[in-house]
């Protein structure tokens with residue numbers, strides 16, 4: 001008979017196992033609780049940082065789109081001013097003023113250097129003259145000098161070219177019956193017509209019109225220009241957005257002018273084109289944004305400076321917007337929106353993973369989680385600090401993150417978008433937006449009792465650039481701008497900034513220069529750098545040299561101005577004072 005062990009011999013190991021389990025289970029629960037708590041803190045910190053970063057990027061996109069809209073519509077006002085300068089009277093018979101009108105209309109349709117620009121004038125006698133630019137060298141002249149006649153179209157080759165008859169319109173065109181004519185006749189200043197569809201081009205168009213007076217000051221006629229808006233749709237479509245993000249330009253009625261995810265014109269049941277409304281577009285997000293903008297229509301401010309959250313179908317959406325208007329009645333809104341869930345999807349996924357690993361790996365997971373949390377928190381602080389500094393104007397703030405997760409991708413996208421927002425794509429130097437940020441930073445008031453740090457602003461305008469473009473072509477013009485920018489950048493210090501304003505105009509900001517002698521010496525050095533013959537042009541015969549010079553003016557901070565606009569104006573005026581009267585643009 002096998003002897004049985006005493007009861008105490010079995011009870012001791014059983015008690016030891018129970019005791020060990022009772023110690024392990026609370027530890028498991030504690031680890032899970034700590035991991036969940038740390039995960040929630042990490043999620044809360046990450047969500048705040050990602051929200052701030054997303055709103056910063058959204059605001060930058062809104063500002064960039066607003067600038068594109070303003071530049072596009074300002075061209076219409078310039079065209080009217082060129083066609084009929086303010087104060088220039090008009091006689092009662094277009095035929096008597098036709099040579100001068102032709103020259104001004106040719107110049108007005110030359111502003112964009114592209115085809116499609118149309119500027120026209122009609123008077124109360126029913127006469128009309130208009131010019132449609134076909135190319136840089138050709139235009140179509142549309143003319144009727146008798147109200148009872150049909151309008152005739154002529155081909156012009158050059159500003160002084162002899163008109164060549166093309167066709168006579170079958171319908172009778174009377175400018176006095178057009179909405180733009182009546183709107184401008186009743187207004188004391190320029191007006192915009194409502195946006196409408198050009199059925200031939202299948203494009204959205206808005207017309208800017210202004211009344212023209214007779215020598216006696218009475219109403220005589222209306223000058224107008226049609227502005228096609230397809231360029232704005234293309235600009236919005238090229239914005240660097242992804243996922244559920246939406247960007248749009250919209251009218252108060254809800255009609256879309258541009259949208260990132262769908263066209264703005266569609267065919268109705270009868271096959272005719274019609275405009276798409278945000279609330280009937282089939283996109284719930286666009287409809288929600290429009291309803292939100294309607295509720296803020298009476299707000300005193302034009303922009304959303306803090307994150308705005310709206311709710312639609314149980315989803316939170318972050319919105320940034322800006323209202324655009326002018327004295328002629330323009331009333332559009334630029335908006336960018338991102339669903340909150342899209343911003344935080346990666347963080348939620350990481351949170352679930354962290355909790356699961358904590359439950360499976362017990363204490364080891366706690367240690368790894370704390371280490372990961374420390375690294376994430378550090379990277380979050382780095383990213384938040386960089387975003388804050390960029391928002392304050394320090395656009396060159398480095399972002400030294402090497403992560404390969406969503407945070408790293410967000411940092412990479414922010415770096416890439418910042419480069420696109422603040423870099424001139426042709427020359428690689430800074431652009432106008434970057435210049436405004438830098439000047440806002442440098443002219444920010446110093447703490448009490450501390451003198452402002454001086455700097456010099458150089459306004460550089462190239463000479464003989466238009467003849468170079470005309471003779472050697474726009475491709476060589478681009479190469480010339482790139483070479484000049486490279487020369488200037490290689491001469492300037494690492495702490496200096498070079499920006500291209502547009503066309504052949506550059507601005508250099510040189511910190512630490514506060515005396516006229518230093519500034520003049522720098523101007524002479526920069527002129528010497530630009531003066532040698534260009535070496536990158538293509539197709540130039542051997543032995544022939546092509547040079548561009550430069551006229552440079554400067555302004556000293558704070559002596560000549562304490563804000564960006566004053567400094568740029570002073571430097572521009574100084575440049576014109578020193579410009580050689582014989583310099584050819």
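Listed by Cβ neighbour count within 10 Å, with the fewest neighbours leading, 504, 470 appear as 470, 504.
Starting from the Cα gyration tensor of the stretch 95-231, take the square roots of the eigenvalues, sort them a ≥ b ≥ c, and report rounded, prolate or oblate (rounded when a/c is under 1.5, otherwise prolate if a/b is larger than b/c, else oblate). Rounded is the answer for the stretch 95-231, as its axis ratio a/c remains below 1.5. Label the stretch 164-214 by shape, choosing from rounded, prolate and oblate, from the square roots a ≥ b ≥ c of the eigenvalues of the Cα gyration tensor; if a/c is under 1.5 it is rounded, and otherwise prolate applies when a/b is larger than b/c, oblate when it is not. Oblate. For the stretch 207-231, the residues whose amide N sits under 19 Å from a probe point set 7 Å from the Cα of residue 93 along the beta carbon direction are 214-216, 220-221.
Summed over all non-identical Cα pairs, the Kirkwood treatment of the stretch 423-578 gives a radius of 16.2 Å. Among 457-463, 166-172, the peptide with the highest mean count of other Cβ atoms within 10 Å heads the list, and the full ranking is 457-463, 166-172. Using R0 = 30 Å, the C-beta based FRET efficiency linking residue 474 and residue 565 works out to 0.45. Shape class of the stretch 513-574 from the alpha-carbon gyration tensor: prolate, with a/c at 1.5 or above and a/b greater than b/c. Estimated at 0.36 nm per residue, the fully extended path between residue 188 and residue 149 surpasses their Cα-Cα distance by 11.0 nm. A Förster radius of 41 Å combined with the Cβ-Cβ distance from residue 524 to residue 213 puts the calculated FRET efficiency at roughly 0.25. The length gained by stretching the chain between residue 547 and residue 136 to full extension, at 0.36 nm per residue less their Cα-Cα distance, is 145.5 nm. Neighbour counting of Cβ atoms within 10 Å sorts the residues 262, 537, 267, fewest neighbours leading, into 267, 262, 537. One chain, two ends: residue 505 and residue 324. Fully extended at 0.36 nm per residue, the span grows by 62.5 nm beyond their Cα-Cα distance. Applying 1/(1 + (r/R0)^6) with R0 = 30 Å to the Cβ-Cβ distance of residue 265 and residue 540 gives a FRET efficiency near 0.10.
Read the figures in this text as sums done on the coordinates, not as results from a lab. Computed from a prediction, not measured in an experiment: that's the story for all the values here. Here Cβ is always computed from backbone atoms with ideal geometry, including for glycine, and neighbour counts include all displayed protein chains.
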